[in-house]
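Structure first, then comments.
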Amino acid sequence: MAERKSVSMQDLADQLGISKVTVSKALNGKDGVGEELKEKIFALARKSGYVLPDYGKRRSKKVGIIMSPRFSFGDEGKFYMAMYERIIYELQKASCSSIMISPTMATLPSDLNTIRTRGLFDGLIFLGILDNGVREQITQIDLPKVYVDIYDRTHKSDSVITENVYSSYELTNYLIQQGHTKIGFVGTVGSTTSISDRYLGYLRSMLEEGIHPEEKWMIPDRSEEGTAIELSLPEDLPTAFVCNCDETAFRLVRTLKERGIRVPEDVSVTGFDDSIYAQLCSPPLTTVSVDTDAIARLAAKRMIKHMNEPQKQGGEVYRIPGKIIYRDSVAEKPKRD
């Protein structure tokens, strides 16, 4: 049987009708190639079995991706693993490798030794919130860092997040446009930066319309450790709820139904994230779709920039807009109101 001929950059260039220089720039993570064309080049390279040659001088940069072990399962796990897979794909496009580390207080000493190993990592990406004790010790390590879906509280490193405030503001505006003035918020404010930001968007919308939120309609959904708690609803309910995430909205709809309250006929409900819970819910949830691809692309881009220029500190906050997905969990204000 004839030996399969190896694929060259020129082969890729010929198939795509572009120059070999353009292919080389894309595969080596150089500037000057648009994202759409870069995607096509990498897709063809993978399909063709192309392997980037090692000339002995290239050292692939390695990124440690730090993520809490609690994000390895459940709905949040699906969200963060999808984000993780997209980030490593974007890093691979720039010839960077990555290793995931999921530290706990028990494994922290060993994990710190690994991260501090000289020359092992060129940068760190923090994906989602970490336990405070873990985060405080890892953030002290002198490596370029990028925070994803969380803020860098020290403002020394870049953060790439969803535009939570404005998206929640728009969701609340939509409820008000449907005639709702009695609107509650479900989420433990202060437990995560995302929940706090989404609450601020809700609050801004309400106050701009001269509506003062009632304390009895502020419903916690989790403990300080992030564990889901039972939703405790008052007897006197609002006509709509803004929930900090789809999973919480899903649980709220279930709790309302157990009390014989219809959604959306009696109470409208919105979520956030456009996760699997948004579609499993009956009725399907009106929610905000998070652009995970755009977040991952920008996070990888900022990581690569800081690894290449470690002397230049970051500190910028990049907010990626979400998109409202209108489904059946919202209706006009019921006549009972």
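The values are calculated or read from the model by the stated rules, or taken from the named source; none is laboratory data. The structure presented is a predicted model; accordingly, all values stated were derived computationally and were not measured. Positions of Cβ are backbone-derived with ideal geometry, glycine not excepted, and every protein chain shown enters the neighbour counts. The protein model used for the area step is the full one, side chains on, heavy atoms only, and it has no ligands, DNA or RNA in it. Shrake-Rupley method; radii C 1.70, N 1.55, O 1.52, S 1.80 Å.
Considering region 82-120, the residues that are charged (D, E, K, R) and without any contact (Cβ under 8 Å) to a residue 40 or more places away in the chain include one that is least open to solvent (accessible area, probe 1.4 Å), namely Asp111.
Would you please name the residue that is most open to solvent (accessible area, probe 1.4 Å), looking only at residues in region 1-49 that are outside any helix (DSSP H, G or I), under 22 Å from Ala300 (Cβ atoms) and modelled with pLDDT under 80? Per the stated criteria, the residue is Asp31.
Going by the conditions given, is Leu203 hydrophobic (A, V, I, L, M, F, W, C) and open to solvent by 20 Å² or more (accessible area, probe 1.4 Å)?
yes
Among residues of region 30-52 that are without any contact (Cβ under 8 Å) to a residue 60 or more places away in the chain, those with a beta-carbon under 8 Å from a residue that is among the charged types (D, E, K, R) and open to solvent by less than 40 Å² (accessible area, probe 1.4 Å) at least six positions away or on a different chain give the pairs Lys38/Lys93; Phe42/Lys93. Candidates in region 190-222 are the residues that are at pLDDT 95 or above and among the β-branched types (Val, Ile, Thr); of these, the one that is farthest from Asp273 (Cα to Cα) is Ile211. Any residue at all in region 307-314 that's within 22 Å of the chain's Cα centre (by Cα) and more than 30 Å from Phe121 (Cβ to Cβ)? No, region 307-314 has no match at all. Among the residues of region 106-134, not one is of a type in the set (Val, Ile, Thr) and touching an Asp or Glu at 6+ places or on another chain (Cβ under 6 Å).
The set of residues from region 82-139 being assigned to a loop (DSSP other than H, G, I, E, B), over 15 Å from Ala300 (Cα atoms) and among the hydroxyl-bearing types (Ser, Thr, Tyr) comprises Ser102, Thr104, Thr107, Thr117, Thr139.
Considering region 258-337, the qualifying strands (runs of 3 or more DSSP E), each wholly inside and each with 1 or more residues that are open to solvent by 20 Å² or more (accessible area, probe 1.4 Å), run over 287-289, 317-320, 323-325. With respect to Val242, is the statement that it is buried (at least 21 other Cβ atoms within 10 Å of the Cβ), under 20 Å from the mean Cα position of the chain (by Cα), among the aliphatic types (A, V, I, L, M) and within 22 Å of Tyr202 (Cα to Cα) true? So Val242 fits the description; yes. Out of all the residues in region 180-190, is one or more assigned to a helix (DSSP H, G or I) and more than 14 Å from Phe241 (Cβ to Cβ)? No, that holds for no residue.
Can you pull out the residues in region 247-277 that are in contact with a Phe, Trp or Tyr (Cβ under 8 Å, 6 or more places away or on another chain) and modelled with pLDDT under 95? Of everything in region 247-277, those that are in contact with a Phe, Trp or Tyr (Cβ under 8 Å, 6 or more places away or on another chain) and modelled with pLDDT under 95 turn out to be Glu247, Asp273, Ser275, Tyr277. Taken together, the residues in region 192-245 that are assigned to a loop (DSSP other than H, G, I, E, B) and of a type in the set (D, E, K, R) amount to 8. Of everything in region 50-69 that is outside any strand (DSSP E or B) and at pLDDT 80 or above, the residue that is least open to solvent (accessible area, probe 1.4 Å) is Ser68.
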